[in-house]
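Take a look at the structure set out below.
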Amino acid sequence: MNVLLIVDPQIDFISGSLAVPKAEEAMQFLADWIKGHASDYEAIVLTMDQHPANHCSFAHEGGPWPPHCVRYSVGAAIHPAVFEAVEAQRREGRPVLMIEKATTQERDSYSAFEKVIPSILLEAEHIYVAGIAGDYCVAASVEDLRREIPAERIELLEEAIAYIQRPER
């Protein structure tokens with residue numbers, strides 16, 4: 001089974017309080033890729049920040065970031081085009097696993113896979129990775145996956161990844 005992993009495609013990372021350069025373009029590319037490459041994957045895993053209003057990563061709590069992806073806020077919502085594309089795949093019968101992360105005040109988490117990697121990813125023959133931000137949450141997620149999954153089974157969809165600071169090639 002091939003799996004599409006989408007990391008944190010949320011409004012605050014696109015046009016909100018912690019907007020990442022070129023995130024809108026990357027998410028539009030991803031939405032189109034989801035529709036145009038449906039035969040390339042059989043399941044979707046989507047991660048998302050769901051912070052309490054007093055999360056430890058927020059500047060007013062001593063953390064490095066502005067408030068972002070506060071649970072139940074507009075900023076925590078999934079990019080509309082990505083949501084619609086994922087939802088269309090779910091209606092077609094594809095499994096969609098949504099994983100919330102950094103949900104408690106006292107703990108931040110760039111990756112949803114620090115402690116547990118879902119079996120759908122562990123058993124995947126190939127994992128396509130997209131999302132925001134390539135140099136933080138996407139990188140941390142891939143690093144955690146590589147603890148148990150060979151690197152050759154993980155493919156970054158570079159055009160569907162937005163970076164705060166894109167690495168030099």
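The values are calculated or read from the model by the stated rules, or taken from the named source; none is laboratory data. The structure presented is a predicted model; accordingly, all values stated were derived computationally and were not measured. A quick note on method: Cβ atoms are made from the backbone with ideal geometry, for glycine too, and the neighbour counts reach across all protein chains shown. What goes into the accessible areas is simple: the full protein's heavy atoms, side chains included, and nothing from ligands, DNA or RNA. Shrake-Rupley method; radii C 1.70, N 1.55, O 1.52, S 1.80 Å.
Counting charges near HIS55 (Lys, Arg +1; Asp, Glu -1) among other residues having Cβ under 13 Å from its Cβ returns a value of -3.
Annotation for ARG91 and ARG166: the two label points, set 7 Å from Cα along the Cα-Cβ direction, are 3.4 nm apart. Across segment 106-154, the volume of the C-alpha convex hull divided among the residues equals 78 Å³ per residue. Within the accessible area of the chain, the carbon and sulfur atoms contribute 51%, probe 1.4 Å, all protein chains present. Scaling against 2.2 N^0.38 Å puts the C-alpha radius of gyration of segment 27-72 at 1.71.
Rounded to 0.05, the FRET efficiency of the THR103 and ASP135 pair, given R0 = 25 Å and the Cβ-Cβ distance, is 0.65.
When both bridge partners sit in the chain, DSSP labels roughly 5% of those beta bridges antiparallel. Rounded to the nearest 10 degrees, the inclination of helix 137-146 to the longest alpha-carbon principal axis of the chain is 50 degrees. Mind giving me the FRET efficiency for ALA53 and MET1? R0 is 45 Å, r the Cβ-Cβ distance, nearest 0.05 is fine. In this case the efficiency is close to 0.75.
By the helix-only formula, in which each DSSP H run with n ≥ 4 contributes -39500 (n - 2.57) and the sum is divided by residues, the chain has a 222 nm mean residue ellipticity of -7500 deg cm²/dmol.
With +1 on each Lys and Arg Cβ and -1 on each Asp and Glu Cβ, and nothing else charged, work out how big the dipole of segment 1-129 is about its Cα centre, in Debye to the nearest 20. Computed charge dipole of segment 1-129: roughly 160 debye.
In whole angstrom, note down how far apart the Cα centers of segment 116-142 and segment 51-115 are. Spelled out, the Cα-based centre of one part sits 15 Å from the other.
Tell me the per residue accessible area of segment 27-117 using a 1.4 Å probe; a whole number in Å² is fine.
Values: 4440 Å² over 91 residues.
Result: 49 Å² per residue.
Build a GNM of the chain with springs between Cα atoms under 10 Å: which of GLN28, GLN89, GLN105 gets the top mean-square fluctuation? Among GLN28, GLN89, GLN105, the largest mean-square fluctuation in the Gaussian network model of the chain belongs to GLN105. The C-alpha atoms of segment 81-126 occupy a region whose extents along the principal axes are 38, 27, 13 Å, arranged from largest to smallest. According to the calculation over all Cα-Cα pairs in the chain, the P(r) per 5 Å bin from zero is 2, 9, 19, 23, 21, 15, 8, 3, 0, 0 %. With the Kirkwood sum run over all distinct C-alpha pairs, segment 51-132 has a hydrodynamic radius of 14.8 Å. Have a look at LEU46, LEU121, LEU97 and tell me which one the Gaussian network model of the chain (Cα, springs below 10 Å) gives the largest fluctuation. Of LEU46, LEU121, LEU97, the most mobile in the Gaussian network model is LEU97. Between the beta carbons of LEU122 and GLU159, assuming R0 = 30 Å, the FRET efficiency works out to 0.70 to the nearest 0.05.
Rounded to the nearest 5, what % of DSSP beta bridges with both residues in segment 1-90 are antiparallel?
On the way: 1 of 8 bridges.
In segment 1-90, approximately 10 percent of DSSP beta bridges are antiparallel ones.
Here segment 117-169 is treated with +1 on each Lys and Arg Cβ and -1 on each Asp and Glu Cβ, and its dipole about the Cα centre works out to around 120 debye. To the nearest ten degrees, helix 23-36 and the longest principal axis of the Cα atoms of the chain are 20 degrees apart.
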